[in-house]
Amino acid sequence: MMDLNKIVRVHAPATVANMVCGFDVLGFAVAAPYDEMQARFISTPGVTIVNADHYNLPTNPAQNVAGAALLAMLEECEPGIGIELTIKKNIKPGSGVGSSAASAAGAVVVANILLDHRFDKVDLVRFAMNGEKLASGVKHADNIAPCIYGGVTLIRSIFPLDIIALTPPDLYVTIVHPQIEVRTSDARSILKQQIYLKDAIKQFGNVAGLVAGLLQKDYALIGRSLEDVLVEPVRSILIPGFDAIKSESLAAGALGGGISGSGPSIFMLSESESTALAVEKAMKKVCENLALSHHTYVTNINNTGIKEVDSLSF
Ligand code: HSE
């Protein structure tokens, strides 16, 4: 029995898609930053969006990634349901850490709690991918799935959805966000549509090595598998200072890393918090030398995904 007076609140975390070698098939959730969302039933049928931040995102649900995801979900519910969704984005759109996925996944998870958990996680990923389609022109689940499941997720297939949740060893994550915007659609449009077999073989080896390294908690194997011969060489030209940030981070002790999703953020994984902090320092130094305005985060992998909370900061 649905409680019509219920108000549900969640935190939807940022995510790092691709995990370097796993373009569109690997991603992980981080503890911070996260978007804050609240849902409640209202008498107006459909989706009503309320923005509680300064990004001025569209409030027409069909043009809003959270709205598009929720509309897809309501299409599979009885008619007449009205949900008001209040969104406070802390994850800057276009930053490369799954801002659109947090909106889309947060929307369907918070609404599903309101609807007494009638859908399972695979359904929620399916609905939320409509938000990604609106944002980037294609459905992909490598931000959505880790946002909902937590940890690292392997998306073996999206049609039909086949998601494998992996529990990684403790890993610290350093992210630098150069203050430029890269649209996922642009970052996808420059990719080569054909690849050499020798490059595909290298990439298969790295994806398999990374998954095995995560499962066996083998940090050295994780580190040497964080190599991308397909996408990074093309996309890194969009990110000023990419090569220097990467080499200085490795020199500071990072296991490895690369472009976060479609960029411009760059992430590095480390075995300890002290190394992750040293990596942050190295990243900042490169950005300062290049007069590149930036933000950094030091966080860790979030094994919970979107979580229900009692209160929000708005
Ligand atoms: N896998 C997607 C891409 C993630 O790299 O285009 C976008 O965040």
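The values are calculated or read from the model by the stated rules, or taken from the named source; none is laboratory data. In this text, all values refer to a predicted model and were calculated from it rather than measured experimentally. Here Cβ is always computed from backbone atoms with ideal geometry, including for glycine, and neighbour counts include all displayed protein chains. Just the protein is used for accessible areas: all its heavy atoms, side chains included, with ligands, DNA and RNA removed. Shrake-Rupley method; radii C 1.70, N 1.55, O 1.52, S 1.80 Å.
For the pair SER43 and VAL298, what calculated FRET efficiency results from E = 1/(1 + (r/R0)^6), where r is the Cβ-Cβ distance and R0 = 30 Å, to the nearest 0.05? Intermediate results must be reported in sequence, preceding the final value.
Numbers: r = 45 Å, r/R0 = 1.50.
E(calc), rounded to 0.05, equals 0.10.
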Exercise. Any chance you could tell me what percent of the C-alpha pair distances in the range 172-300 go past 24 Å?
Key: 29 percent
Self-check item: Set of aspartates and glutamates with alpha-carbon distance to LYS6 below 19 Å, sequence-local pairs under 8 removed
Solution: GLU36, GLU78, GLU84, ASP116, GLU308, ASP310
Exercise. Would you calculate, for the chain, the mean residue ellipticity at 222 nm contributed by helices, counting each DSSP H stretch of 4 or more residues as -39,500 (n - 2.57) and dividing by all residues, to the nearest 500?
Key: -11000 deg cm²/dmol
Quiz item: Of the peptides 262-271, 182-191, 94-103, how do they stack up when ordered by the mean number of other Cβ atoms within 10 Å, highest first?
Solution: 94-103, 262-271, 182-191
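Computed FRET efficiency, Cβ-Cβ of LYS198 and ASP24, R0 30 Å: what is it to the nearest 0.05? The partial results should precede the final answer.
On the way: r = 21 Å, r/R0 = 0.69.
Efficiency, rounded to the nearest 0.05: 0.90.
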Exercise. Pick out, from MET129, ALA145, ALA165, the residue whose Cα sits farthest towards the positive end of the charge dipole of the range 111-243, with +1 on the Cβ of Lys and Arg and -1 on the Cβ of Asp and Glu.
Key: MET129
Exercise. Please list 135-146, 212-223 highest first by mean number of surrounding beta-carbon atoms within 10 Å per residue.
Key: 135-146, 212-223
Exercise. Let me know the charge dipole size of the chain about its Cα centre in debye, to the nearest 20, where only the beta-carbon of Lys, Arg (+1) and Asp, Glu (-1) is charged.
Key: 420 debye
Practice problem: Obtain the nm distance between the two label points defined at SER157 and SER247 by a simple spin-label model: each point lies 7 Å from its Cα along the Cα-to-C-beta direction. | Solution: 4.3 nm
Practice problem: List every residue whose amide H lies under 5 Å from the amide H of ASP24, counting only residues 5 or more places away in sequence or on a different chain, with H placed 1.01 Å from N in the peptide plane. | Solution: ASN18
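State whether the range 135-217 is rounded, prolate or oblate according to the following rule on the C-alpha gyration tensor (a ≥ b ≥ c being the square roots of its eigenvalues): a/c under 1.5 gives rounded; otherwise a/b larger than b/c gives prolate, and the remaining case gives oblate. Could the numbers behind the result be given before it?
Values: a/c = 1.39, a/b = 1.17, b/c = 1.19.
Rounded.
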Exercise. Rank ILE306, GLY263, VAL231 by how far each Cα sits towards the positive end of the charge dipole of the range 192-314 (+1 on Lys, Arg Cβ; -1 on Asp, Glu Cβ) and give me just the farthest.
Key: VAL231
Exercise. Keeping all protein chains in place, calculate the accessible area per residue for the chain (probe 1.4 angstrom), answer in Å².
Key: 42 Å²
Quiz item: What does the charge dipole of the range 172-300 about its Cα centre add up to, to the nearest 20 debye, if the Cβ of each Lys and Arg holds +1 and the Cβ of each Asp and Glu holds -1?
Solution: 220 debye
Quiz item: Given the alpha-carbon gyration tensor of the chain, what are the semi-axes of its equivalent ellipsoid in whole angstrom, ordered largest first, with each equal to the square root of 5 times an eigenvalue?
Solution: 33, 20, 18
Quiz item: At a 1.4 Å probe, what is the % contribution of carbon and sulfur to the accessible area of the chain?
Solution: 52 percent
Practice problem: Using packing as a proxy for protection, rank 228-240, 195-207 so that the peptide with the highest average count of other Cβ atoms within 10 Å comes first. | Solution: 228-240, 195-207
Practice problem: Once you've got the Cα coordinates, tell me which of LYS246/LYS281; LYS281/LYS307; LYS246/LYS284; LYS246/LYS285; LYS121/LYS307 are over 19 Å apart. | Solution: LYS281/LYS307
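Let's test the formula: R0 of 22 Å, r as the Cβ-Cβ distance of ALA62 and ARG183. What FRET efficiency results, to the nearest 0.05?
Details: r = 20 Å, r/R0 = 0.89.
The value I calculate is 0.65.
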